Amino acid sequence: MNWKLTEDRPIWIQLVEQLTTLIVSGIYASGSAVPAVRTLATEAGVNPNTMQRALAELENRGLVETRRTSGRVVTEDLTLIQGIRRQLAYQRMDEFFETMHSLGYTEEQTRELLAAWNKKEESV
């Protein structure tokens, strides 16, 4: 995993976002073990306490569960995972349309550009 952390927001929040992406994208599959706190902290270059806070937040959101015998695992609730995945996709689309609006495009013009772009991609 290539962790991308910036100084503009709390690190633990960025970790939550990136771990959530790993889960909803299937890199950390439903029911699979989550690497140990120290392992993840070392990979991300952060303090283990910071990573612990991020994982605790994922537990609060229901994406990760702690099991006595196997440590933390990704939830098996596929409905929850897909719901969060869709929510993240909608957020990205909102950001995209806001960016296009700031460039002077209307929503209709943006949709036309997307259609043209999609046709270009299909012909390649």
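Among the conditions (1) free of Cβ contacts under 8 Å to residues at least 60 places away in the same chain; (2) under 17 Å from Tyr28 (Cα atoms); (3) of a type outside the set (Ser, Thr, Tyr); (4) part of a helix (DSSP H, G or I), Val73 misses just one, which is (4). Evaluate the following for Arg85: is it open to solvent by 70 Å² or more (accessible area, probe 1.4 Å), under 15 Å from the mean Cα position of the chain (by Cα) and in contact (Cβ under 8 Å) with a residue 40 or more places away in the chain? Considered against the rule, which asks whether it is open to solvent by 70 Å² or more (accessible area, probe 1.4 Å), under 15 Å from the mean Cα position of the chain (by Cα) and in contact (Cβ under 8 Å) with a residue 40 or more places away in the chain, Arg85 comes out as yes.
Out of all the residues in the stretch 108-115, is one or more closer than 20 Å to Thr6 by Cα and open to solvent by less than 40 Å² (accessible area, probe 1.4 Å)? Lay out the reasoning, then the answer.
Looking only at the stretch 108-115, we keep the residues that are closer than 20 Å to Thr6 by Cα, and these are none.
No, because not a single residue in the stretch 108-115 is closer than 20 Å to Thr6 by Cα and open to solvent by less than 40 Å² (accessible area, probe 1.4 Å).
The values are calculated or read from the model by the stated rules, or taken from the named source; none is laboratory data. In this text, all values refer to a predicted model and were calculated from it rather than measured experimentally. As a convention, Cβ positions derive from the backbone with ideal geometry for all residues, glycine included, and neighbour counts pool all protein chains shown. Just so you know, the surface numbers come from the protein's heavy atoms only, side chains and all, with ligands and any DNA or RNA stripped out. Shrake-Rupley method; radii C 1.70, N 1.55, O 1.52, S 1.80 Å.
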